[in-house]
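Undergrad: The structure is given below, and queries will be raised subsequently.
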Amino acid sequence: MKVEDRIREIVERVANSEGMELVDVEYKGHGHASVVRIFLDKPGGVTHADCQLISRQVGAIIDVEDLIPTRYVLEVSSPGLDRKLLKESDYQRFSGKMVNLLLKVPRHGQKRYQGKLLGLEGSQVLLEMQGGETIHIKLSEVERTNLVVEF
């Protein structure tokens with residue numbers, strides 16, 4: 001099992017036990033030092049104390065299991081206001097929000113779209129464009145989707 005997959009399993013279990021949701025794990029091994037980034041969420045948002053709690057628990061398990069043989073930096077945070085939508089459930093959860101969507105391959109000469117997320121219909125993302133037109137984009141064609149920070 002890859003290190004990132006094992007870390008994901010550990011964080012998922014620890015986060016769930018503390019009432020949080022694992023959004024994403026990033027692991028970058030760089031020679032003599034590695035970086036592990038953990039992104040968490042929960043209703044009402046993640047606090048600094050939540051991040052400390054998860055960091056302590058996950059760090060202890062990583063050390064005991066000796067998953068990363070070199071020095072490493074463990075970063076734990078919320079996904080931020082412009083969070084990535086990674087799971088199908090994210091597309092339903094953030095329905096009604098403005099998003100930036102990047103396609104893997106241009107469609108009609110366009111790769112970037114911004115609009116109001118209307119959710120998922122089967123395996124298609126529904127996006128309401130500025131003029132009110134609704135477009136359907138296959139989830140498999142999406143490279144990345146991020147929430148737009150609105151003030």
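Just so you know, all these numbers are worked out from the coordinates, no wet-lab data involved. Note that this is a predicted model, so its numbers are computed, not measured. Don't worry about glycine lacking a Cβ; one is built from the backbone with ideal geometry, like all the others, and counts go over all protein chains shown.
Undergrad: Choose one answer from 59, 109, 122: the residue with the largest mean-square fluctuation in a GNM of the chain with alpha-carbon springs under 10 Å.
TA: Fluctuation is largest for 109.
Undergrad: Can you tell me the dipole magnitude for the chain around its Cα centre, using point charges on the Cβ only (Lys, Arg +1; Asp, Glu -1), in Debye to the nearest 20? Intermediate results must be reported in sequence, preceding the final value.
TA: Numbers: 21 positive and 23 negative charges, 91 e Å.
Magnitude of the dipole: close to 440 debye.
Undergrad: I'd like the FRET efficiency for residue 28 and residue 108, computed as 1/(1 + (r/R0)^6) with the beta carbon distance as r and R0 of 25 Å, rounded to 0.05. Could you put the intermediate results ahead of the total?
TA: Working: r = 36 Å, r/R0 = 1.42.
Given R0 = 25 Å and the Cβ-Cβ separation, E is 0.10.
Undergrad: Right, something else. Just the Kirkwood number for the chain, please: inverse of mean 1/r across all distinct Cα pairs, in Å, one decimal.
TA: It is 17.1 Å.
Undergrad: Additional query: Sticking with the crude label model, points 7 Å out along Cα→Cβ, report the distance from residue 48 to residue 98 in nm, one decimal please.
TA: Inter-label distance under the simple model: 3.0 nm.
Undergrad: Which trypsin sites (Lys or Arg not before Pro) in the stretch 1-74 sit in a loop by DSSP (not H, G, I, E or B) and have at most 10 other Cβ atoms within 10 Å of their own Cβ?
TA: 2
Undergrad: Taking the beta-carbon count within 10 Å as an exposure proxy, list 39, 94 from fewest neighbours to most. Mind showing how you got there, number by number?
TA: Values: 39 21, 94 16.
Neighbour counts put them in this order, fewest first: 94, 39.
Undergrad: Let me ask something else about it. Which far-off residues, 5 or more places away or on another chain, put their amide H under 5 Å from the one on residue 86, with H placed in the peptide plane?
TA: none
Undergrad: Could I ask something else about it? Looking at 32, 151, 78, which one has the Cα that reaches farthest to the positive end of the dipole of the chain (charges on Cβ: Lys, Arg +1; Asp, Glu -1)?
TA: It is 151.
Undergrad: For residue 77 and residue 139, what does the FRET efficiency come to when R0 = 25 Å and r is the distance between their Cβ atoms, rounded to the nearest 0.05?
TA: 0.45
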